[in-house]
Each structure stands twice: as structure tokens, then as C-alpha cells.
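Colleague: Handing you a structure now.
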Ligand SMILES: Cc1cc2nc3c(=O)[nH]c(=O)nc-3n(C[C@H](O)[C@H](O)[C@H](O)COP(=O)(O)OP(=O)(O)OC[C@H]3O[C@@H](n4cnc5c(N)ncnc54)[C@H](O)[C@@H]3O)c2cc1C
């Protein structure tokens, strides 16, 4: 984009603040997102442990190990964002350190031909209207507790492991790369007030670690059995996160003071992380946004450009959103049957795991579209 457009990024943390800050995500990028990053020559994620498989368990029962078509990767966003910012800065992209407010948009609108609101889940700054048919919930469906740990022996073959405990929540175990080297991400998605919703009152990294260890012991003995008691610890003091997200989809364009504002990422499309799709959806939308602007570069950037962008991403956003929202409810009977069938059929297991690389296939399996 930097070669096609003159871009200024307004951001309130510089790379060193991001590096030393709190973890933000579990950030698994599936291969379509990694392919886009290569195409845009972004810093590569090749030093991350390759995620080639997804292990799936229902309660204590291990059902299958499905194979992804290409490796996925998780690089601590503190590291990845800092690297990307430094790389863009080297290539001449302008950064202005400031915390933008919704009121600032009017003034910014006078200085730029286009604004992109990528303010994440603390946004949006622009008045993007909510899309009611893609926004069924008014409260979080899960409480999220994530820690990056040392001292957990990986599953074999190396990959993500998902354990669904019906009615209670999910545990995700993800190999990732952080500043300190390889880590194991342990991510609890707890149904509010259920048995896994056990991180209330956590105030210190040690509290968090103790709470995670007792949850593993009580509910996830397979992971507990792979802890090295002498080594098990958070990767650093900031390597834990407690959050809860109310999913909301907004139409990702609005006019402000005569200037078009487009939304990309969580500011417009905010999902529960249960299917690990937020970064992947943001990447898809950013790519389509770029294509839209390239095709419309010689015409005025008005509301019709916003509508064009939304038309290009709407089907993908609908499919990934409906799949993700469905996963926070009770698993439908036909999905449980598919999971059971996958236990005895490797190609069925691979198909289910492919849902994460191609959300339209998940949507088709769930809703028959
Ligand atoms: C627990 C958890 C696990 C997840 N796991 C996955 C996963 O495995 N795979 C996946 O694809 N997605 C995952 N996600 C979702 C993913 O992290 C987000 O979708 C993704 O990071 C969104 O990117 P973004 O750029 O829109 O927002 P962000 O990553 O939040 O970035 C927004 C940036 O804007 C800056 N900013 C915000 N407001 C302002 C302002 N007013 N002025 C200036 N700057 C501002 C912030 O500093 C921030 O750096 C997960 C999310 C959570 C919470």
C-alpha cells in the first residue's frame, strides 16, 4: 500500500511500549492470512512454531487430529506489531503518536482524502451503524483468560489442541513465538458463571498462574500431565490477559465532514475469539479494502466506495460471524455427529480442521449454505 498511496498512521503506543506491554490475543494466523502477509512483503512469521494440526477433544474424550492444508502461525502481537511498525517506518510510512478521539475525526477529515478506522475493540471512532441481523448478543458469551507459558511439553504432532467441555467452555493450547522464544498459549473460554469462570479476583501474575494450574489439574489432566513442575511459569509478568467480548458487526463505512471513513478489523467486525478468526477476518478485509481503493483510485472516494468495499466483504463477514456465534452456543446435533464421524475418518477430520482456514466451509457445514 505504501507504494500506491501516501499513508499516515496515528497510533498511541510506539514499538517499545507495545513490546513491554500486556499480551493482546492468541493471534493464530491461518495460511490465507500468512499468504497475504507474504504478498504485501510484511515481516515474515517463519520463526514461529509451525501449526500443522488441530487436536480435538470433547470433554475427556480425544476425538481426532485433523491436518491443516498449510501451516498456521502465532506470533505474540507485541512482537509482531512492533516489527511491522519498525518495518513500515523504515520504508517511509509516517507515524504520528497521538490518541485519536471521535471529535478529532472532523479535523482529520479536512486533512486527508480518506480515513481508515482501525482502532480495534476500543473503537470504533467513526459512527459505523450496527448491523442488527449479524449482532444477536448484548453481552459477552465467554470470559477469556489467556496466558503465555514456559514449561509445557507440546502435543505431538505439534499443533493447536482444542478441548470442548459442553455447557462450560473451551480450552485452547497453542504453540506460539514470543520475545523470549517459543511459548505455550493456554486460553480458557469460560461460559460466564460456569465451572471454568474461575479467574475472578486475579490481581497478580502469580495469582493467574496458580488459577490456571488448578484449572488444568481439575479439568484438563492431559495438559496438566505435560507440565514440568520446575519450569511451569508465565513467560513474563505481562503475559496474561483477562477480557470478555460482546460480538458486534457494524457496517464498515461512514462519511465524516465530507470525507469517507472505512472500518477495518475489530473496530467494525468484532467477534468472540472462539474460532480464532479476528486477525484472519481483518486481514481478508484489509486486502479487499486495498483492491477497492486501487480500482477506484481515479474516482472520488465517496460513500459509493464504502458501499463497494462492504459488498466485497459482506459474504465473508456474514459466514465467519454466523459460524463463530453458533460455536458459542450448544453444539448442534449434526455438528456433534460430524465430530464423532471425524474420530473414525481422517478425511472428515481434515475437513473440519479446514473450517479454520476457510470459514465459508464451516458455514456450509453448519447451515447447509
Ligand atoms: C483472547 C483473544 C484471543 C484471540 N485469538 C485470536 C486468534 O487466535 N486468531 C485470530 O485471528 N484472532 C484472534 N483474536 C482476535 C484478534 O486479536 C483481533 O481480531 C485483532 O487483533 C484485531 O486487530 P485490529 O488491528 O482491528 O485491532 P487491535 O489489534 O486491537 O489494534 C488496534 C490498535 O489501535 C490502537 N488504537 C486504539 N484506539 C486508538 C486511538 N483512539 N488512537 C490511536 N490508536 C488507537 C491500539 O493501540 C491498537 O494497537 C483474539 C482476540 C482475543 C481477545
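The values are calculated or read from the model by the stated rules, or taken from the named source; none is laboratory data. Everything numeric in this text was worked out from a predicted model, so none of it was measured. When we count neighbours, we look across all protein chains shown, and the Cβ atoms used for this are built from the backbone with ideal geometry, even at glycine.
Colleague: If I filter the range 245-259 down to residues being part of a strand (DSSP E or B) and within 13 Å of the ligand (Cβ to nearest atom), which single residue comes out as farthest from residue 39 (Cα to Cα)?
Modeller: This residue is 248.
Colleague: Given 289, 262, 293, 270, which one is crowded, with 19+ Cβ neighbours inside 10 Å, under 18 Å from residue 124 (Cβ atoms) and either away from the ligand (no atom under 13 Å from the Cβ) or over 19 Å from the mean Cα position of the chain (by Cα) (or both)? Spell out the reasoning first.
Modeller: Working: 289 fails: either away from the ligand (no atom under 13 Å from the Cβ) or over 19 Å from the mean Cα position of the chain (by Cα) (or both); 293 fails: under 18 Å from residue 124 (Cβ atoms); 270 fails: either away from the ligand (no atom under 13 Å from the Cβ) or over 19 Å from the mean Cα position of the chain (by Cα) (or both).
The match here is 262.
Colleague: Continuing with the same structure: Got a sec? Which of 67, 38 is away from the ligand (no atom under 14 Å from the Cβ) and part of a strand (DSSP E or B)?
Modeller: So the residue among 67, 38 that is away from the ligand (no atom under 14 Å from the Cβ) and part of a strand (DSSP E or B) is 67.
Colleague: Looking at (1) outside any helix (DSSP H, G or I); (2) closer than 26 Å to residue 73 by Cβ, which is the only condition residue 329 fails?
Modeller: Unmet for residue 329, out of (1) outside any helix (DSSP H, G or I); (2) closer than 26 Å to residue 73 by Cβ: (2).
Colleague: Check 306, 258, 276 and return the single one that is touching a strand residue (DSSP E or B) at 6+ places or on another chain (Cβ under 9 Å) and under 25 Å from residue 111 (Cα atoms).
Modeller: Answer to the check: 306.
Colleague: Another question, if that's okay. Here are some residues: 92, 66, 59. Which one is touching a helix residue (DSSP H, G or I) at 6+ places or on another chain (Cβ under 6 Å), touching a residue at least 12 places away in the same chain (Cβ under 8 Å) and not assigned by TED's automatic domain parsing to the domain that holds residue 357?
Modeller: Working: 92 fails: touching a helix residue (DSSP H, G or I) at 6+ places or on another chain (Cβ under 6 Å); 59 fails: touching a helix residue (DSSP H, G or I) at 6+ places or on another chain (Cβ under 6 Å).
Sole residue among the options that is touching a helix residue (DSSP H, G or I) at 6+ places or on another chain (Cβ under 6 Å), touching a residue at least 12 places away in the same chain (Cβ under 8 Å) and not assigned by TED's automatic domain parsing to the domain that holds residue 357: 66.
Colleague: Let me ask another. Give the residues of the range 234-243 that are buried (at least 16 other Cβ atoms within 10 Å of the Cβ) and either away from the ligand (no atom under 16 Å from the Cβ) or free of Cβ contacts under 8 Å to residues at least 12 places away in the same chain (or both), sorted by residue number.
Modeller: If the condition is that a residue be buried (at least 16 other Cβ atoms within 10 Å of the Cβ) and either away from the ligand (no atom under 16 Å from the Cβ) or free of Cβ contacts under 8 Å to residues at least 12 places away in the same chain (or both), then 236 is the only one that fits.
Colleague: Separate question: Report, ordered by the first and then the second residue, all pairs with beta carbons closer than 9 Å, sequence separation of six or more or different chains, a first member in the range 268-279 that is free of Cβ contacts under 8 Å to residues at least 60 places away in the same chain, and a second member that is within 8 Å of the ligand (Cβ to nearest atom).
Modeller: 269/278; 269/281; 269/282; 271/245; 271/277; 271/278; 271/281
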